[in-house]
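What follows is a set of notes on a single structure, which appears directly below.
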Amino acid sequence: MDYLTEAEARLEDLEAMPGPIYTVGVSVGGAVALGLAAAHPERIKKVAAYAPLLEVYGETRERYVKLTGLLNIKEFDWDNLSFPLGCCTAANRFGAFVRQQANAKVLKKMPTLFVLTENENAADFKINQKFAQSLGREAKGHYLYTYPVADLVPHSMVDPTEVQHNMSNVFWQTMYQETFRFLALGKFDAARMAETVQDTGLPIVSDVETE
């Protein structure tokens, strides 16, 4: 629950800021964005979650995380990243907390945007889809988009410079634009998520220099 506690501390930093607060996050950050919104609907009015880690992807990985997370294993290699295995255990448990009925009830009343990918190596996208669909449909201000396998969008979909398994998100600029459309205008054009040409009617997202 330190994930939520730390996020609440940052929310307090914004106490003097007028107007609504929106939370946006990817992976574990996506789960935190949802959890914080559910805990503070009086302050947070919309949430966008990219590939939120609500449950670790893959039955084998999930069992491994559950069984070994409490052991004194200092580092765990996952896609060339080394970090304490307890991080995976904590993220999995926090994701289960976010999916609790009480939190879902709050989030049903708040516009949400879920952006997922079938090329997952961290978050269980089917669990994410099921949870997103349980919150409501577009008529209630809830939107869900899943990049298909053929689009080659990895879990780290928000960073065009990061390559995972020889994949990177070539649609990141239109994804950013549609996130803006959702947050600022309360709308979402799913058809544009698979485009690489930006909508000139929205703020243009600058290119990123890659090495």
Q: Select the helices (runs of 4 or more DSSP H) contained entirely in segment 1-73, then report the ones holding at least 2 residues which are at pLDDT 95 or above.
A: 2-13, 28-39
**Q.** Residue in segment 90-110 that is assigned to a strand (DSSP E or B), touching a His at 6+ places or on another chain (Cβ under 9 Å) and modelled with pLDDT of 95 or more present
**A.** no
Q.
I'm trying to understand the selection: among the residues of segment 139-159, which are touching a strand residue (DSSP E or B) at 6+ places or on another chain (Cβ under 9 Å) and not in a strand (DSSP E or B)?
A. Gly141, Pro148, Val149, Asp151, Leu152, Val153, Pro154, His155, Ser156, Met157, Val158, Asp159
Q: Kindly check whether there is at least one residue in segment 167-177 that is surrounded by 15 or more Cβ atoms within 10 Å (Cβ to Cβ) and at positive phi.
A: no
Q | Failed item, numbered, when Val115 is tested on (1) among the aliphatic types (A, V, I, L, M); (2) in contact with a Lys or Arg (Cβ under 6 Å, 6 or more places away or on another chain); (3) assigned to a strand (DSSP E or B) | A | (2)
Q: With respect to Ala132, determine if the residue is of a type in the set (Gly, Ala, Ser), within 18 Å of the chain's Cα centre (by Cα) and assigned to a helix (DSSP H, G or I).
A: yes
Q. Identify, please: which residue in segment 180-211 is out of contact with any helix residue (DSSP H, G or I) (no Cβ under 7 Å at 6 or more places or on another chain) and among the aliphatic types (A, V, I, L, M) and is, among those, nearest to Pro111 (Cα to Cα)?
A. Leu183
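Results for (1) in contact (Cβ under 8 Å) with a residue 60 or more places away in the chain; (2) crowded, with 18+ Cβ neighbours inside 10 Å; (3) polar (S, T, N, Q); (4) within 25 Å of Ile44 (Cβ to Cβ), shown as yes or no for each residue.
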site: Leu107; (1), (2), (3), (4): yes, yes, no, yes
site: Phe125; (1), (2), (3), (4): yes, yes, no, yes
site: Asn128; (1), (2), (3), (4): yes, yes, yes, yes
site: Ser134; (1), (2), (3), (4): no, no, yes, yes
site: Val153; (1), (2), (3), (4): no, yes, no, no
site: Met157; (1), (2), (3), (4): yes, yes, no, yes
site: Gly186; (1), (2), (3), (4): yes, no, no, yes
site: Pro203; (1), (2), (3), (4): no, no, no, yes
(Q) When you scan segment 141-148, do you find a residue that is surrounded by fewer than 18 Cβ atoms within 10 Å (Cβ to Cβ) and of a type in the set (A, V, I, L, M), even just one? (A) no
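The values are calculated or read from the model by the stated rules, or taken from the named source; none is laboratory data. This is a predicted model, so every value here is computed, not measured. All Cβ positions, glycine included, derive from the backbone under ideal geometry; neighbour counts span all protein chains shown.
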